[in-house]
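S.K.: Before anything else, here's the structure in question.
The values are calculated or read from the model by the stated rules, or taken from the named source; none is laboratory data. All figures in this text were calculated on a predicted structure; none of them were measured in a lab. Neighbour counts run over all protein chains shown; Cβ positions are idealised from the backbone, glycine included. Ligands, DNA and RNA are stripped out before the accessible areas are found, and what is left, the full protein with its side chains, is counted by its heavy atoms. Shrake-Rupley method; radii C 1.70, N 1.55, O 1.52, S 1.80 Å.
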Amino acid sequence: MGLTDIRDRIDTAAREAGRDPADVHLIAISKVQPNERVEAVLKEGHRLFGENKVQEAESKWPGFRERYAGTQVHLVGPLQSNKARKAMDLFDAVHSLDRPKLANTLARLAQETGTCPDLFVQVNTGEEEQKAGILPRDADAFIADCRDLDLPVRGLMCIPPVDETPSLHFALLAKIAERNGLEGLSMGMSADFEEAIALGATHVRVGSAIFGARVYD
Ligand SMILES: *Cc1c(COP(=O)(O)O)cnc(C)c1O
């Protein structure tokens, strides 16, 4: 495992799917990882990272960004509306646009500031009650509403249910993206990024396979 190994596996999976490996972006999910591990990956030249909490990103990334030019950080975890302003400062993309209220808040802030991170609409493909995301049947209307608000929606994101075949969810997400003319597909994690690439992932979110297991204390 490690960065080089994952990059190799991404390249192989892309080629096997007849795709250009350069079209698959590796987001190194650095949540909970100690700074030394994160910095080691920065020193290897990697520049695209993901976090799932605003507060954690706030304490970690401004410093790294200063020292490592070109660093980009994406938010892949839930975003509360009252942290939206902070998130717009901290992140280059938000993968968790999952409800109308957040869309409205982001649109207002985008008007006010003149900028907005790239956005991915999170779809709850497994229709799991405890999981965030727009239901598949509501996705087309929600995407249209976001476009009406002039939000820069670049693609869709999903987190498949743990106990189901991820490919079915990746295929569903790809279908919703295609019929809405969206190019971005944020799908695939450490255990299943190769399947996601076979089904069109443009952004894979890989944490533990790069950094090692997360140690929660
Ligand atoms: C933690 C996390 C990941 C990475 O998970 P791994 O299994 O460590 O690769 C990907 N996406 C989201 C939304 C996450 O919260």
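S.K.: Can you tell me how many residues within segment 26-42 are more than 16 Å from F193 (Cα to Cα) and within 11 Å of the ligand (Cβ to nearest atom)?
M.R.: Of the residues in segment 26-42, 4 are more than 16 Å from F193 (Cα to Cα) and within 11 Å of the ligand (Cβ to nearest atom).
S.K.: Additional query: Given (1) open to solvent by 20 Å² or more (accessible area, probe 1.4 Å); (2) among the basic types (K, R); (3) under 23 Å from R19 (Cα atoms); (4) within 16 Å of the chain's Cα centre (by Cα), where does K131 come up short, assuming only one miss?
M.R.: Just one mismatch for K131, condition (3).
S.K.: Another question about this same structure. Has segment 136-153 got any residue that is within 30 Å of K43 (Cα to Cα) and open to solvent by 20 Å² or more (accessible area, probe 1.4 Å)?
M.R.: There is no residue in segment 136-153 that is within 30 Å of K43 (Cα to Cα) and open to solvent by 20 Å² or more (accessible area, probe 1.4 Å).
S.K.: For segment 11-38: of the residues being closer than 15 Å to S208 by Cα and in a helix (DSSP H, G or I), which is most open to solvent (accessible area, probe 1.4 Å)?
M.R.: If we take residues in segment 11-38 being closer than 15 Å to S208 by Cα and in a helix (DSSP H, G or I), then E36 is most open to solvent (accessible area, probe 1.4 Å).
S.K.: On to the next question. Within the group V73, V38, V94, which residue is over 16 Å from the mean Cα position of the chain (by Cα) and β-branched (V, I, T)?
M.R.: Just one listed residue meets the conditions, V38.
S.K.: Just need a number here: residues in segment 45-90 that are touching a helix residue (DSSP H, G or I) at 6+ places or on another chain (Cβ under 7 Å) and not in a helix (DSSP H, G or I).
M.R.: The total comes to 7.
Residues checked against (1) within 13 Å of the ligand (Cβ to nearest atom); (2) in contact (Cβ under 8 Å) with a residue 12 or more places away in the chain; (3) open to solvent by less than 10 Å² (accessible area, probe 1.4 Å):
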{"site": "V76", "(1), (2), (3)": "yes, yes, no"}
{"site": "S81", "(1), (2), (3)": "no, yes, no"}
{"site": "R85", "(1), (2), (3)": "no, yes, no"}
{"site": "G114", "(1), (2), (3)": "no, no, no"}
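S.K.: Within segment 95-108, is there a residue that is open to solvent by less than 20 Å² (accessible area, probe 1.4 Å), outside any strand (DSSP E or B), without any contact (Cβ under 8 Å) to a residue 24 or more places away in the chain and closer than 24 Å to G184 by Cα?
M.R.: yes
S.K.: Give me the pairs: first residue in segment 127-142 and among the charged types (D, E, K, R), second residue buried (at least 18 other Cβ atoms within 10 Å of the Cβ) and assigned to a helix (DSSP H, G or I), beta-carbon distance under 8 Å, and six or more apart or on different chains, which are they?
M.R.: Hits for this filter: E127/P136; D140/I176.
S.K.: If you go through segment 115-135, how many residues are under 21 Å from E183 (Cα atoms) and either of a type in the set (S, T, Y) or in contact with a helix residue (DSSP H, G or I) (Cβ under 8 Å, 6 or more places away or on another chain) (or both)?
M.R.: 9
S.K.: Given segment 164-217, what helices (runs of 4 or more DSSP H) lie entirely inside it while holding 3 or more residues that are within 11 Å of the ligand (Cβ to nearest atom) and open to solvent by 20 Å² or more (accessible area, probe 1.4 Å)? Full working, then the answer.
M.R.: On the way: elements: 166-179, 193-198, 208-211.
It comes to none.
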